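Data first, discussion second: the structure below is written as structure tokens.
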Amino acid sequence: MPERKTSVEEAPPAVGEVEAIAAHADPVVRNLRITHCYHRLSRALAARTGGSANWCTFAVWASKQVGQTIRQEDLARTVEHRLRSSPEVTAAAELVVRGIRLAVPREVLDHAHTTVRQAVVAAARLDDVSAAAARGNLKVFEEVAREFARFLALAPGDEERFEEFRDALRPGEPPDGQRYLRQAFTRYHRAMTTPGEKRRAELLLLANVEVGLHEQTRLQPEIAAAMEAPVVDPRELERHLFDRLLPGNRVVRWLRVALLTVLGRRKAVRAAADELASRARAVARVAVTRHLMTLALPGGELLDLSSDLRATFPPALAELSDPDLLALLAVVDPTPDSLAGTAARDWADLPDRMHYIADMFRCHALREDLLGPPFTAEQVLAFEAGRRPGGVL
């Protein structure tokens, strides 16, 4: 089997740069810089290990996708679209509109259903989804990217310095221990001098899955928080409804609410808001889940994490022989050598996630386009200067 071309090594980020990025106050700019930093780490490590994908390579595209959640791009639109297509939400919204009909002008009623959906989106706490995504993005970066920067600062072949680096990683299981990182960096170190594409590819896959298992264990609280964030509290929703549907200043709105009470409609409106909140909560959570379970790869390819992977194992990884790799896959991959059942049913479930992630790492391990830049040079200049760049991110 011919050797893959080795990438030209690029200067990796130093530990100080990783720490400076992690300290950036703006979560949007910080995420963009994190994504770009992963790209530089990925390229530097790939240059030393034969040009194949490493954990940082996949972290680039995962972090870029997380950026959409942090910026709430398409998230509110996705939630509103699902609200509009839900018969249960439409029926509950009609109850709200019917309840306030006598207290609002005709021009408000003409757009009432759209306004009700906008109130639901405002009450769905999408900011909490964004905040959880930003916390997770930072949490992994400031730990794992820092270790990759430390590792890449070592001179290749310096065994003594490598042992010092490895021994500084904490023993024990994640989330507090770094046993999987210790093992993974040992594989990356060996891969730099291992001849033969197949042996090296198996070492890199093993390292990638080990870092992935550490990372995903650490991320568990943030992933669960993002999935559970759309609460749609009935009283908060009611406030948003009145702010949008009852025109006028605070006094005028108070008078209109008083009118609803006099007309005997106040309790009906509250009951309708409760029903709407219950229906909308379920729809919003589905929308957020679908948003979080999508991963964009280069070339406009979208992976739906709730569907089985539609790919094939590359020839070098079609049949595996490394005993440590086989032992770890026996733990995280319940369908060995098959993509059947890779679809994640519940992204908040760690074993469910790891099944998909392990097979995704294996399928896409030798894709050269994953090593490409996630942003244009102009965008990089903007966010490295602390500005939010224009264009499609």
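Rule-based calculations on the coordinates, nothing more; no lab input. Just so we're clear, the structure is a prediction, and the values are computed from it rather than from any experiment. Backbone-built Cβ (ideal geometry, glycine too); neighbour counts: all protein chains shown.
Some observations on this one:
- Gap separating the Cα centres of the stretch 34-86 and the stretch 115-181, nearest whole Å: 14 Å
- A protection proxy built from the mean count of other Cβ atoms within 10 Å ranks the segments 380-387, 207-214, most packed first, as 207-214, 380-387.
- Peptides 32-40, 193-201, 165-173, 360-368, ordered by how many other C-beta atoms sit within 10 Å of their residues on average, highest first, read 32-40, 360-368, 193-201, 165-173.
- Additional length obtainable on full extension of the chain from residue 270 to residue 161, 0.36 nm per residue less Cα span: 32.6 nm
- Ranked 376, 342, criterion: other C-beta atoms within 10 Å, fewest first: 376, 342
- Estimated at 0.36 nm per residue, the fully extended path between residue 318 and residue 343 surpasses their Cα-Cα distance by 7.0 nm.
- Most tightly packed first, judged by the mean number of other beta-carbon atoms within 10 Å of their residues, the peptides 68-74, 277-283, 330-336 read 277-283, 68-74, 330-336.
- Put in order of Cβ neighbour count within 10 Å, fewest first, the listed residues 55, 347 become 347, 55.
- Cβ-based charge dipole, the chain, positive-most Cα from 234, 72, 286: 234
- Mean sequence separation of contacting Cα pairs (under 8 Å, at least six apart), scaled by the length of the chain, corresponds to a relative contact order of 24 percent.
- C-alpha long axis of helix 234-245 to longest principal axis of the chain, angle in °: 60 degrees
- Estimated purely from DSSP H runs of n ≥ 4, each contributing -39500 (n - 2.57), the mean residue ellipticity at 222 nm for the chain is -20000 deg cm²/dmol once divided by its residues.
- Annotation: the residues 355, 189, sorted from fewest to most other C-beta atoms within 10 Å of their own C-beta, follow the order 355, 189.
- With Cα atoms, 0 to 90° folded angle of helix 266-292 axis to the chain main axis: 20 degrees
- Values of log10 I(q)/I(0), in the order q = 0.06, 0.12, 0.15 Å⁻¹, for the stretch 15-393 under a Debye, Cα-only, solvent-free model: -0.30, -0.91, -1.25
- Taking 0.36 nm per residue of separation and subtracting the current Cα-Cα distance, fully stretching the chain between residue 228 and residue 192 would add 8.8 nm.
- Principal-axis tilt of helix 250-262 within the chain, Cα atoms, nearest 10 degrees: 60 degrees
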